[in-house]
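Dropping a structure here in structure tokens format, bear with me for questions.
Please treat every number below as a calculation from the coordinates, not as lab data. The structure presented is a predicted model; accordingly, all values stated were derived computationally and were not measured. Please note: Cβ atoms are built from the backbone with ideal geometry, for glycine as well, and neighbour counts cover all protein chains shown.
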Amino acid sequence: MKHLIDINDLSTQEIDEMIAVAGDIIEHPEKYCEKCKNKKLATLFYEPSTRTRLSFEAAMYELGGNVLGFSEATSSSVAKGESVSDTVRTVGAYADIIAMRHPKEGAPVAAIRRATVPLINAGDGGHNHPTQTLTDLLTISREKGRLDNMTVGLCGDLKFGRTVHSLINAMSRYEGIKFVLIAPDELRIPDYVREEVLEKNGIEYVETTDLEGSMPQLDILYMTRVQRERFFNEEDYMRLKDSYILTPDKLENAKEDLSILHPLPRVNEISVAVDDDPRAAYFRQVEYGKYIRMALILKLLEVK
Ligand code: CP
């Protein structure tokens with residue numbers, strides 16, 4: 001039985017295969033509409049979500065399966081003090097596969113010790129969000145036609161942004177990737193990402209605070225939200241929250257074929273005036289999230 005806790009649980013070959021399956025689902029959805037008939041997905045969300053939970057649910061419905069679960073811990077026996085491990089073991093009696101989001105880092109690792117069905121980490125605190133990374137990879141692959149030989153700018157909260165850490169990790173596996181890491185000093189990428197992923201693998205990168213100066217070289221611009229929920233004090237959040245706001249004038253020197261991604265939700269970091277720019281890919285990214293989750297469900301349920 002295979003779980004997905006961290007993007008490192010997947011080989012590059014497995015990621016490439018899922019991207020290919022997602023592409024086939026996009027082209028031929030009718031081939032897949034009964035693949036999970038009589039299968040059930042449980043969504044256990046202990047933390048708020050719009051895209052991840054609903055795209056998992058839409059994915060399972062489009063595969064012909066069914067969905068059960070909860071969208072807030074207070075409506076389950078978690079409110080009575082039940083452990084994550086007991087909840088996951090119980091839900092395994094009702095569902096064939098589980099997608100779980102939890103605010104505590106490491107909760108999915110504790111949960112799989114007693115899991116009887118495949119478990120997908122749908123985000124654990126500031127730690128991992130592997131299905132967002134798969135979504136990002138599918139989006140880049142569809143927008144650019146490749147996953148190698150490009151300059152990827154990551155901008156905003158690079159310290160707490162779990163999607164950024166996983167994306168750096170995943171993109172570093174492909175040839176010719178250069179990163180431009182754009183963040184205020186307080187929100188630079190953690191040392192372990194710099195040392196254990198970038199430097200260890202000899203990946204080219206620069207760290208800067210300058211978004212506009214970096215713009216001309218970027219093939220991908222991945223904007224992120226400064227996450228209020230990860231800050232220990234409100235004063236720091238208020239000081240840093242509007243560090244970068246992408247507006248149309250800041251794109252004047254950008255490449256014609258730049259792709260702008262954002263895991264969403266956004267607050268202020270991308271002006272709505274950018275939404276109509278054809279380079280704004282973040283709502284297409286939302287849709288790709290459903291297709292890659294369909295491919296992932298098929299893989300973990302071993303449906304051919
Ligand atoms: N990108 C993402 O994880 O969005 P949600 O928090 O809405 O699921």
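So, in region 187-213, of the ones that are part of a strand (DSSP E or B) and not polar (S, T, N, Q), which residue ends up surrounded by the fewest Cβ atoms within 10 Å (Cβ to Cβ)? Talk me through it step by step, then tell me what you get.
Taking region 187-213 first, the residues part of a strand (DSSP E or B) are 204-208.
Checking the rest, the ones that are also not polar (S, T, N, Q) come to 204-207.
Values: E204: 11, Y205: 19, V206: 13, E207: 15.
Ranking the candidates gives E204 first.
Let me ask you something else. With the checklist (1) out of contact with any helix residue (DSSP H, G or I) (no Cβ under 6 Å at 6 or more places or on another chain); (2) farther than 24 Å from L137 by Cβ; (3) of a type outside the set (G, A, S) in hand, flag the one item V206 doesn't pass.
Result: V206 passes all but (2).
Restricted to region 248-304, and to residues that are of a type in the set (D, E, K, R) and assigned to a helix (DSSP H, G or I), which residue is surrounded by the most Cβ atoms within 10 Å (Cβ to Cβ)? Explain how you work it out, then say what you get.
The initial filter retains those residues of region 248-304 that are of a type in the set (D, E, K, R), namely 249-250, 252, 255-257, 266, 269, 275-277, 279, 284, 287, 290, 293, 299, 302, 304.
Applying the additional criterion that residues be assigned to a helix (DSSP H, G or I) yields 249-250, 284, 287, 290, 293, 299.
On the way: D249: 10, K250: 16, R284: 14, E287: 15, K290: 21, R293: 29, K299: 17.
So the residue we want is R293.
Moving on to the next point. Quick one: in region 33-56, of everything that is part of a loop (DSSP other than H, G, I, E, B) and within 16 Å of the ligand (Cβ to nearest atom), which residue is farthest from M100 (Cα to Cα)? Quick ask: steps written out before the conclusion?
Initial filter on region 33-56 (part of a loop (DSSP other than H, G, I, E, B)): 33-39, 46-50.
From what is left, the residues that are within 16 Å of the ligand (Cβ to nearest atom) are 46-50.
Details: Y46: 8, E47: 9, P48: 11, S49: 11, T50: 13 Å.
Of everything passing the filter in region 33-56, T50 is farthest from M100 (Cα to Cα).
Would you point out the residue of region 232-268, among those that are among the polar types (S, T, N, Q) and in contact with a helix residue (DSSP H, G or I) (Cβ under 6 Å, 6 or more places away or on another chain), that is farthest from the ligand (Cβ to nearest atom)? Break it down stepwise before answering.
Residues of region 232-268 among the polar types (S, T, N, Q): 233, 243, 247, 253, 259, 268.
Now drop any that are not in contact with a helix residue (DSSP H, G or I) (Cβ under 6 Å, 6 or more places away or on another chain), which leaves 253, 259.
Values: N253: 28, S259: 17 Å.
Going through the qualifying residues, I end up with N253.
What about M60, is it touching a Cys at 6+ places or on another chain (Cβ under 9 Å) and either within 16 Å of the ligand (Cβ to nearest atom) or part of a helix (DSSP H, G or I) (or both)? Give the steps one after another, and end with the answer.
Values: touching a Cys at 6+ places or on another chain (Cβ under 9 Å): yes; either within 16 Å of the ligand (Cβ to nearest atom) or part of a helix (DSSP H, G or I) (or both): yes.
Yes; evaluated as a whole, the condition is true for this residue.
Looking at E30, E14, can you tell me which residue is without any contact (Cβ under 8 Å) to a residue 24 or more places away in the chain and part of a helix (DSSP H, G or I)? First the steps, then the outcome.
On the way: E14 fails: without any contact (Cβ under 8 Å) to a residue 24 or more places away in the chain.
Going through E30, E14 in turn, the sole match is E30.
Can you find a residue in region 169-181 that is within 16 Å of the ligand (Cβ to nearest atom), surrounded by fewer than 18 Cβ atoms within 10 Å (Cβ to Cβ) and either more than 23 Å from V197 (Cα to Cα) or not β-branched (V, I, T) (or both)? Outline the logic, then answer.
Filtering region 169-181 for residues within 16 Å of the ligand (Cβ to nearest atom) gives 170.
Those left that are additionally surrounded by fewer than 18 Cβ atoms within 10 Å (Cβ to Cβ): none.
Within region 169-181, none of the residues are within 16 Å of the ligand (Cβ to nearest atom), surrounded by fewer than 18 Cβ atoms within 10 Å (Cβ to Cβ) and either more than 23 Å from V197 (Cα to Cα) or not β-branched (V, I, T) (or both).
State whether the residues of region 2-25 include one that is within 16 Å of the ligand (Cβ to nearest atom) and more than 30 Å from D148 (Cβ to Cβ).
no
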